[in-house]
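S.K.: Got a structure for you, questions after.
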Amino acid sequence: MAEVTRPDYIIRGESIVTSLCRQNTTLVTGSEEGNIKLYDTQIMRPTASWIAHKAQVMGLKKLDRGGVMSQGREGALAIWKEGQCVRSCSVPSTGFCRFALSDDQRHCFLGLDEKSKIACVDADKLNIVKTFQPADFNKKGMCWSLTVRGNHVYLGYESGHIVLFDRRYLSTQVLEVKVHDEIVTTLDVRDNKIISSSPDSTIKITSLIADETVPDNSSRDLPPETNQTTSPLETIVSSLNSRSSEQKISAETSHTVPLKCQGSSQIRIRPDGKLFAASGWDGGLRLYSLKKYKLLGIVEAHSPETITDMITFDNRIICSGRDCKISFWTFY
């Protein structure tokens, strides 16, 4: 990778940006005060802004049908089009867990205030379809991080556990594994690998493995996703579609990578699968090879302030920090 020491561009603002998403050439940002602001990335200038929430904007997601969905820490989800609220709902979720959309954007998932519980929300009507929680939920604590890949929901808990659910069978969890000694603050998934981080100053790579066949014992809670390609992980658990059998899944920590700072706010795997980025609480942006998990380089993106959010696309990364800046980077 070519040496990179300076960002392509920096946007300096007056508010701390806590969440980011991208709509073609528009960058959508959410602030600690609850505002949403749009930037045209071709001219690097703001084009619109509005008050969206009464508290911090925890998460933003682009909607394929147009507009964006936002999560406010006051316990609200909202859909916005051209600065207007199309629909909103209150949810008992005032923690630190950002919501996630399913690939088909039919459902979103978010952690609830009630111990260990997760809500599955209809992403169009914004009503809770189902709530669920892991086994031994009293020992898991709050959900701090989650992501959805295909039919699978990955949950990172306060106890250091990662729990996997198939979203078609939310009544029964597929897997749980103790990965960290402390809170799972962030995680991302590629094929059958889960990459996660924690205040224990490590990045862990957890590999999912197919075991023996066991009888199937559940019916579908939600319809399957449509127009979905099969990933290696989907192949591992493909027999969940069968009423006669399902593959049991186990997991093991295959690699431990020292983070050399207290923790990471975000881990994001680049779409081409060649590297992943970890945004440190020290403001450093660390890049790692996804093949050998080797540290490729560190840039002081927002040092010494914490990086609050990060998105990756093509060979570019956009970060926001508690220094009220947004930085744009290109890596090869």
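The values are calculated or read from the model by the stated rules, or taken from the named source; none is laboratory data. Only a predicted model underlies this, so the values are computations on that prediction, with no experimental measurement involved. For the accessible areas, the whole protein counts, side chains as well, though only heavy atoms, and no ligand, DNA or RNA atoms are used. Shrake-Rupley method; radii C 1.70, N 1.55, O 1.52, S 1.80 Å.
S.K.: Residue-wise, which Karplus ³J(HN,Hα) couplings in Hz belong to the range 197-205, taking 6.51 cos²θ - 1.76 cosθ + 1.60, θ = phi - 60°, and x for glycine or proline?
M.R.: Taking θ as phi minus 60°, the curve returns 9, 7, x, 6, 6, 9, 10, 10, 10 Hz for the range 197-205.
S.K.: With n ≥ 4 as the cut-off for DSSP H runs, can you work out [θ] at 222 nm for the chain, using -39500 (n - 2.57) per run divided by the number of residues, rounded to the nearest 500?
M.R.: Theoretical 222 nm ellipticity from helices: -500 deg cm²/dmol.
S.K.: Once phi is turned into ³J(HN,Hα) by the Karplus curve 6.51 cos²θ - 1.76 cosθ + 1.60 with θ = phi - 60°, what whole-Hz value does each residue of the range 92-104 show in order, with x for glycine and proline?
M.R.: x, 9, 10, x, 9, 7, 7, 6, 9, 9, 5, 4, 8
S.K.: In straight Cα distance, which aspartates and glutamates are under 20 Å from K140, not counting same-chain residues fewer than 8 positions off?
M.R.: In chain and number order, the partners are D113, E114, E158, D166, E176, D181, E182, D188, D200, E252.
S.K.: Determine the alpha carbon to alpha carbon distance for each of K117/K292; K61/K117; K178/K294; K54/K193; K178/K292; K61/K291 and list only those over 32 Å.
M.R.: Long pairs (Cα-Cα over 32 Å): K117/K292; K54/K193.
S.K.: Oh, and also: I want to verify the translational diffusion coefficient of the chain in µm²/s; compute it with Stokes-Einstein, Rh as the Kirkwood radius over Cα pairs, at 25 °C and 0.890 mPa s.
M.R.: Reported coefficient: 121 µm²/s.
S.K.: Let me ask another. Would you please give the residues with an amide H less than 5 Å from that of S198, counting only those at least 5 places away or on a separate chain, with H modeled from the backbone geometry?
M.R.: Hits under the 5 Å cutoff: T185, S264.
S.K.: From the protein chains alone at 1.4 Å, what is the descending order of accessible area for M310, M44, largest first? Please list the in-between numbers first.
M.R.: Details: M310 0, M44 30 Å².
If we order M310, M44 from most to least accessible, we get M44, M310.
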